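Rule-based calculations on the coordinates, nothing more; no lab input. Values in this document were obtained by computation on a predicted structure and should not be read as measured data. Here the Cβ is made from the backbone with ideal geometry for all residues, glycine too, and neighbour counts use every protein chain on show.
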Amino acid sequence: MAEEESVVGGAASGGPTSGRRTLGRRRRLVPYGLLSPGGGYLVVFFLLPLVLMIYTSLQSGGLLSGGFSFTWDWRNYSSVLSRYEAHFIRSIAYSLIVTFVALLLAYPMTYWIAFYGGKWKSSLLLMILMPFFVSFVIRTLQWKFILGDNGPVLGTLKGFGLLPDDFRVLATAVAVVAGITYNFLPFTALPLYVALERIDKALVEAAKDLYASRWQAFRKVVWPLSLPGVFAAFLLTFVPATGDYVNAALLGGPGTRMIGNIIQDKFLTENNYPEAAALSVILMIAMVILASVYARILGTEEATRAAAAV
Amino acid sequence: MDDRQYRIGDRRMNEIMRRRLTRRSMLKGAGMGVAGFSLASFLAACGGDGNGTGGGGGNGGATGATGATGAVPSGFDIAEIYAGEPGSSVNFANWPFYLDQSKDETGQVYNPSLALFKEQTGIDVNYEDVINSNEEFFGRLRPVLEAGDSTGWDIIVITNGRIFTALALNEWVYPLDPSRRPNFDANAASWAKDPFYDPGNTYGMAWQSGITGIGYNSDLTNGPITKLDDLANPDKVGQGMVFMLTYDMPDFVMINLGIDPKTSGPDEWKEAAAWLQMQRDSGTVRTYGGNEYLQELQNGNLSACMAWSGDVLYSNIWLLYDTLEFVFPEDGALLWIDNMMIPAGAENPVGAMQVMDFYYDPEVATMVTEWVLYMSPVTATRELILRDADTAEEEGARGRANKLRATADSPYLYPDEEFLSRTSFGRALETDEEAAEWDAIFLPISQG
């Protein structure tokens, strides 16, 4: 961003001679030229669908009466909000737990890789990324097998009499949260690693030279410098985890359905497109609000740096 | 016929078939949902006045549309749609693993019945198993159909239910030409002819059909499971060990409570919902969903579940899972039918009708049934399967002969009238308001 601004600024302060003006204009166009492929992509594949989604969310009608038509039907919003409030709250609660657990797991891990990984850094990082090489759904299905009531884990523990026979993990909230955490761990780990990797190790040594304890050095030097990574990790984990539906569908049971499952049901099996769209819009707005509150608390500067880090 | 020997004789092939089945059950999950869900408004013609409009559909007259009924809508002229010669190819969209398959000498997978069709007619059938769920498939076609364009398909397979109804209601499928289905007229089972949701088979001809009943793992239950109430009894099925098919369960429960879903209203729906809530409160339910229950049942994660006949039968007869049982519940079971339809704008409706009728040739239908193990709309297939069993016996393929006999003897493939009388189709919701009310009653149970 900063570079683009300086390019534009440079062009604006260019001299008045015609030759330079042409050059200036061309230079002024460069950033737009650079932005246009991405911008065009976003307009077609983000902005347009977004507008369509909002448009759909205000429709009424039904499949059996000849389809849906646009009627400014705001009731879609109030109706889904009152009916699915619990699912929104549940999704956000699950997602918060997921994000914190993932941060707790990923921070020490990436910290160690960044500071002590040495020549193994990339291999270790690759190991974190390994799950990405397997389809999301297959990975989650494997969990069903691993955590099965008589599967390798629970079956063994039950065999040793360490667990009661009717103990189970699947079809509980624990399984859903654990599944999401596992599936989103790379999203948490990568930005953290990038931020920690960039920290100048000499700063830590300098802190120690100034008689900081290891803990103080971490708290006063490493932690603040890694905050952009934490911010990015939080966003990259929290936002998609809230809308996740695969884990709840495959690992959950009664009472663990998340808002993503409801949206999927509405869209694919109930064919209730307006309500599905209304739920999506609400979810999006909620996420934007939560993310901006979060950015405000952490400071916009951190946010920008976090964005840059990613 | 080598192919079938290959399939049955070889243990590894059985293993492959098991995987195929598992996947099919997964994919069918969503689809069967529709059947039971029956957000389907089955046209005004269903239920009471089905006969009145059914006759109209039978003659293929292009007139006489009476709003949302099974009669041919005025927008279509059958003579015009089916004019001329068949095109050189037919595009056929079906569900995965729903057609006989074999391997040729080079190991290439092909469909013997389609090869036979090509041999007889010279028409190429471009068969693709792209339908994973009625809703999803319909969702992809809808914008095209709405715009009045061709979907690219000449045949699609849709379960009786909401999508079937929506397609018919909105004139998004062509009415079929009754003069172009001699095999169907001669061989179709009684249940495949003139079904209540499609009087006179105006829009669809059955591909296969099946039953939603109860499957259980006798290792994990306390005695045999025989009725619906067992699924809400922790002493019988344990805590958190029961799987329920979300979209089949309202109708399934109603049937078992002695309510005919077809004539049910909000009061009866609430009664079924109360049972479902009671079941949920009893703590027996593990998940509400639509797929892979079979794998879960095999893994021992489920003691009992709502299940589709073909899936459990296959495990039992062909894969020899002898602890897995399929039960026709004491008080009834849910019936559904998958139908071949011709989407509006299809480029080769004449060829499509040829293909559809071809599968009502008993020999051809047998090829399919021996492979898919669902209920064939051609009853004569039973004798032919027994004949193949004898042939297998003569050839020394004892195991295969036994399996074919078990297949032919299964009441789930060849139900008698008494059996069918204990099944019922799902509720036919007729308006969006009704559908909304239905949703409001049943969805909170599975979604809560």
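The figures follow:
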| item | result |
| --- | --- |
| Cα gyration tensor shape of segment A:244-295, rounded if a/c is under 1.5, else prolate or oblate by comparing a/b with b/c | oblate |
| Peptide B:295-305, shielding by other chains (average Cβ, 10 Å cutoff) | 3 |
| Shape category assigned to segment A:92-131 from the gyration tensor of Cα positions, a/c cut at 1.5 | oblate |
| Globularity index of the protein assembly as shown, i.e. its alpha-carbon radius of gyration over 2.2 N^0.38 Å | 1.10 |
| Axial C-alpha extent at least 18 Å, average Kyte-Doolittle at least 1.6 - helices from chain A (DSSP) | A:273-298 |
| Relative contact order (%) - criterion: Cα under 8 Å, at least six apart; region: segment A:81-308 | 27 percent |
| Student exercise, the protein assembly as shown dipole from Lys, Arg, Asp, Glu Cβ charges, in Debye to nearest 20 | 4560 debye |
| Listed peptides B:145-151, B:419-425 by packing density, highest first (mean Cβ within 10 Å) | B:419-425, B:145-151 |
| Proxy reagent accessibility, fewest Cβ within 10 Å first, across B:Tyr127, A:Tyr193 | B:Tyr127, A:Tyr193 |
| Peptide A:250-256, shielding by other chains (average Cβ, 10 Å cutoff) | 5 |
| Theoretical ellipticity at 222 nm over chain A - DSSP helices of four or more residues, -39500 (n - 2.57) apiece, nearest 500 | -23500 deg cm²/dmol |
| Peptides ranked, highest mean first, by Cβ atoms within 10 Å: ranges A:72-81, A:26-35, B:241-250 | B:241-250, A:72-81, A:26-35 |
| Per principal axis, descending, Cα span of segment A:59-194 in whole Å | 62, 45, 25 |
| Alpha carbon centroid spacing (whole Å) that separates segment B:370-440 from segment A:51-98 | 40 Å |
| All lysines inside 22 Å of A:Lys220 as judged from Cα atoms, apart from same-chain residues fewer than 8 positions distant | A:Lys201, A:Lys208 |
| Euclidean distance of C-alpha centroids, segment B:213-271 and segment A:202-216, integer Å | 67 Å |
| Cβ crowding within 10 Å averaged over residues, with B:88-100, B:307-319 ranked highest first | B:307-319, B:88-100 |
| Whole-Å distance, taken between Cα centres, linking segment B:295-335 and segment A:125-174 | 24 Å |
| Averaged over A:136-145, number of beta-carbon atoms from partner chains that fall within 10 Å | 1 |
| Only Lys, Arg (+1) and Asp, Glu (-1) charged, at Cβ; segment A:81-308 dipole about Cα centre in debye | 480 debye |
| B:Thr106/B:Ala406 FRET efficiency (R0 25 Å; Cβ-Cβ; nearest 0.05) | 0.15 |
| Positive-end residue, segment A:81-308 charge dipole about Cα centroid, Cβ charges, pick of A:Ser122, A:Val174, A:Val153 | A:Ser122 |
| Paramagnetic label zone (point 7 Å from Cα along Cα-to-C-beta, B:Arg422; backbone N under 18 Å) in segment B:231-275 | B:231, B:252-261 |
| Contour excess over end-to-end distance, with Cα ends at A:Leu157 and A:Ser60 and 0.36 nm allotted per residue | 29.6 nm |
| Candidates A:Ala277, A:Ala202, A:Ala248, ranked by Gaussian network fluctuation over chain A, Cα under 10 Å, top entry | A:Ala202 |
| Global geometry of segment A:81-308, whether rounded, prolate or oblate, following the gyration tensor of its Cα atoms and the 1.5 cut on a/c | oblate |
| Sum of side-chain charges, B:Asp251 neighbourhood, beta-carbon under 12 Å (Lys, Arg +1; Asp, Glu -1) | -1 |
| Positive dipole terminus of the protein assembly as shown, leading residue within A:Ser79, B:Phe97, B:Phe137 (C-beta point charges) | A:Ser79 |
| Residue of A:Pro191, A:Pro228, A:Pro37 that the Gaussian network model of chain A assigns the largest fluctuation, springs spanning Cα pairs under 10 Å | A:Pro37 |
